[in-house]
1. Normalised by the empirical 2.2 N^0.38 Å for globular proteins, what value does the Cα Rg of the range 392-446 take?
2. Find the Cα radius of gyration of the range 271-311, compare it with 2.2 N^0.38 Å by division, and give the number to two decimals.
3. Measuring from the lowest to the highest alpha carbon on each principal axis, how far does the range 366-475 reach, largest first, in angstroms?
4. May I have the convex hull volume per residue, in Å³, for the Cα set of the range 311-386?
5. Once you keep just the Cα pairs under 8 angstrom separated by 6 or more residues, what percentage relative contact order results for the chain?
6. Please compute, for the alpha-carbon atoms of the chain, the extent along each of the three principal axes and give them in descending order in Å.
7. Using bins 10 angstrom wide from zero, how does P(r) for the range 6-131 break down, in % of all Cα pairs?
8. Taking H placed 1.01 Å from N in the peptide plane, check which residues at least 5 places from Phe381 or on another chain put their amide H under 5 Å from its amide H.
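Each value in this text was obtained by applying a stated rule to the coordinates, not by laboratory testing. As the structure is a prediction and not an experimental result, all values here were calculated from the model. Here the Cβ positions follow ideal geometry from the backbone for every residue, glycine too, while neighbour counts run over all protein chains shown.
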Amino acid sequence: MNKHTPLIFDQSKSGRDGYKVNSGTVNKLSYGTFIDKKFMRKSLADLPEVTEFQIVRHFTNLSTKNHHVDKDFYPLGSCTMKYNPKINDSVALFDGYAMIHPNQLENTVQGALEIIYNLEKILCELTGMHKATLQPSAGSQGEMVGLLLMKKYHSIKNNQKDTIIIPETAHGTNPASVIMTGFKVKQVRSDDRGRVSIDHLKELVDSSVAGMMLTQPNTLGLFEDDIEKISKMIHDVDGLMYMDGANLNALVGIAKPSLMGFDIMHINLHKTFSTPHGGGGPGSGPVAVNSKLSDYLPSQSIGYDGEKYFFEGISKNTIGKVHTFYGNFGILVRAYVYILSLGNKGLKDVATYAVLNANYLKLLLKKHYHIPFSKGTLHEFVISASEQKKRGIKAIDIGKALLDYGFHAPTVYFPTNIPESIMIEPTETETKETLENFAKTMNEIDMSIDQKSEYLKQSPYQTPVRRLDETKANRELDINYYG
Ligand SMILES: *Cc1c(COP(=O)(O)O)cnc(C)c1O
């Protein structure tokens, strides 16, 4: 295989094309009739001129260079890289969904409104919450919405509060959202079981606490089993409980966050409810709340009067809109199809098999790798490669070595409270054989350290681009680089 694929622009030759619409079948219209002159370009767009064959080959080749869930196992912890049934994509591309305009009159988009309405109800049913907004386009934006809701709640009650508590294992977006919304962060330590330390939490909770953000199950894949106690401590100072729902894959259909005392949560539709992700979006992070907060949700939601669906009025105390129109609608369609096609039992199976797969894989790796907080693993677990580091190979070297075997690397160096962490999440759809192959590879890497540490440190060898200086690659993007 030729490793280097030139940019499509570099393949361009003037006058080449691949697909011509028969001019006899098209009514010639001057765009000037519809579009104001000032919006029209002055010269032709600089588009590559290539044949259809070149285009197909170009993008087919590019698609095989990067790793993706359709290619092989993608055990990226925290991100729930699950298989996304193709039927969801097909349905989202129906003309009735993909070709409508958000400014169309209500009576011409009843089907789309019905989906938004029903999906909101389903998400509320699954989480036990009262109302939800489907506007936020990612979990991180959902966090921001949740914190703005807290702000509104406290300002209406005239509460003087400026602090949010988050665990030391929290995802980086949590503290970022806290700072962005003008709160201060207090970090609570983990106990020796990898859960929130109740003793430390007691020290931190006072009347300045506006709320707490907690990932459930947490980023070590462990259920916060003191959750009722934690919620009570926060509620006792009139704080609010926010659940980071990125790990809902472990609970969906089984446990309702509202019953644990959470007031607000986000749901990453692109994680739990199957939308391809990892390429930078688009995503969707609906926020569901209990009745304490439903009046403050971003406007507007969809109502139903028994006959037709309609846009509800703007509530007086709303925090405002956080996305144009109703969010990333195509993602909502995918989530809706996914949920309906699985049904109640299917959704429960998602969580059950996700937990089973993680526990089986953990068992296969236990002999070679140290897993510090291993008791009560749900859908993911975290290895510490500190033993391997002593023998010369770090977590990042193991991640890079896996690429040569056709696996995506797990998440490394997160969560930060475990040295040399490698975070693995196998998801529910992976077969027993895939898990066994992956474990065999991981174990072989460990066994080869003593003879091959210099070799492993230079991996990967088989990928189109070898090991990069990751900071430099982020700061000085060079899409034409290969080496
Ligand atoms: C993915 C993730 C987020 C952020 O969600 P995005 O949809 O990527 O913005 C927050 N918290 C946890 C634990 C996550 O895994």
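1. Numbers: Rg = 11.5 Å, N = 55, 2.2 N^0.38 = 10.1 Å.
Taking N as the residue count of the range 392-446, the ratio is 1.14.
2. Values: Rg = 14.6 Å, N = 41, 2.2 N^0.38 = 9.0 Å.
The reported ratio for this selection is 1.62.
3. Over the range 366-475, Cα extents along the principal axes are 38, 34, 29 Å.
4. On the way: hull volume 16.1 nm³, N = 76.
Hull volume normalised by residue count: 211 Å³.
5. Numbers: 857 pairs, mean separation 88.8, N = 483.
Reported relative contact order: 18 percent.
6. 77, 68, 42
7. Going from the shortest bin to the longest, the percentages are 8, 17, 28, 27, 16, 4.
8. Amide H neighbours of Phe381: Ile424.
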